[in-house]
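Structure first, then comments.
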Amino acid sequence: MKTISIMIPCFNEEENVIPISEAVVAMFEKDLPNYDYEILFIDNASTDSTRDKLRYICSKNKKIKAIFNTKNFGQFNSPYYGMCQTTGDCTINLCCDFQDPIDMIPKFVEEWENGYKIVIGVKTSSKENPIMYFLRSVYYKMIKKMSSVEQIEHFTGFGLYDKSFMDVLRDLDDPAPFLRGIVAELGPERKEIPYQQEKRRAGKTHNNWYTLYDAAMLSFTSYTKVGMRIASFLGFILSGISIVIALVYLVLKIIYWDRFVAGMAPVLLGILIFGSIQLFFIGLLGEYIMNVSTKVTRRPLVVEEERINF
């Protein structure tokens, strides 16, 4: 009998962990009775009663496991680490807040049995804030055009991954993994299944402008060179323009030295424009350097505090 691993990352999901575990178990009993399962929760240092409820769930069902992190290690490291701790013939990444439809899991398994090593859900619509969905769409299209490798639009990581691909993830040893990019870059032929993203069942989203920016920058600095290329080209162009302006200014000053009055306004305007451009690209360069620094320091993805039912 094949075993399917369900990996569910959580942070302050006290209202959702019990319902999601019950829903997944009921789904296996009804739709996938010929498969064994394990459910792995990885908690990213919740500050509410999430851990107490996870202990209760694990005490009732030994097929449900839990990993407690010592601290919050971010929205990418913790889920990736959790996936690498699964033991099933395939692993399904599932959100704890019910935004990923559980009824998609049998569809994933069906396509997996048809031979696909990766089966992912791709959002075609969402019940989230329409402005946020629009901004995400713009971002995905932009990064897709700029990226040096394939990118998958509206892919959050929700999907099924065969054990063979899980071995690839375990061997990567990447201290700053971006699963969405890794799937597109290194994954075998995949099956994409469209779905509508639901609203959160309960609780508040922990994503904000900073976390969304962090995700965008991780993708941008990991899979694009265009930012630094634009900086280089623009630097050459602006340097040439500056030299021409300086020469023209010098010639006019020499020829009309007794009548030429340019004033300080053009100089100040030029300083402000060129300075702001420089600051922008220095900041962008800093993002690339921070990404490189994270990778070369080789810190662990997470540090565990406790394991249950392993």
Here the residues within segment 50-73 that are hydroxyl-bearing (S, T, Y) and either within 19 Å of S5 (Cα to Cα) or under 26 Å from the mean Cα position of the chain (by Cα) (or both) are T50, S59, T70
Could you go through segment 45-57 and let me know if any residue there is closer than 24 Å to M166 by Cα and touching a residue at least 24 places away in the same chain (Cβ under 8 Å). no
Is it the case that M83 is closer than 24 Å to A23 by Cα, touching a Gly at 6+ places or on another chain (Cβ under 7 Å) and part of a helix (DSSP H, G or I)? no
Collect the residues in segment 74-97 that are more than 17 Å from the chain's Cα centre (by Cα), surrounded by fewer than 18 Cβ atoms within 10 Å (Cβ to Cβ) and not polar (S, T, N, Q), keeping them in residue-number order. D89
R180: passes all of (1) at pLDDT below 85; (2) open to solvent by 80 Å² or more (accessible area, probe 1.4 Å); (3) charged (D, E, K, R); (4) touching a helix residue (DSSP H, G or I) at 6+ places or on another chain (Cβ under 8 Å) but (2)
Which residue pairs have Cβ atoms closer than 8 Å, lie 6 or more positions apart in sequence or on different chains, and pair a first residue in segment 89-111 that is within 18 Å of F165 (Cα to Cα) with a second residue that is in a loop (DSSP other than H, G, I, E, B) and open to solvent by 20 Å² or more (accessible area, probe 1.4 Å)? D89/K2; C90/K2; V109/Y35
Among the residues of segment 11-44, which ones are open to solvent by 20 Å² or more (accessible area, probe 1.4 Å) and farther than 23 Å from M1 by Cα? F11, N12, E14, E15, I18, P19
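The values are calculated or read from the model by the stated rules, or taken from the named source; none is laboratory data. Please read all numbers here as calculations on a predicted model, not as lab measurements. Every residue, glycine as well, gets a Cβ built from its backbone with ideal geometry; the counts of neighbours run over all protein chains shown. Just the protein is used for accessible areas: all its heavy atoms, side chains included, with ligands, DNA and RNA removed. Shrake-Rupley method; radii C 1.70, N 1.55, O 1.52, S 1.80 Å.
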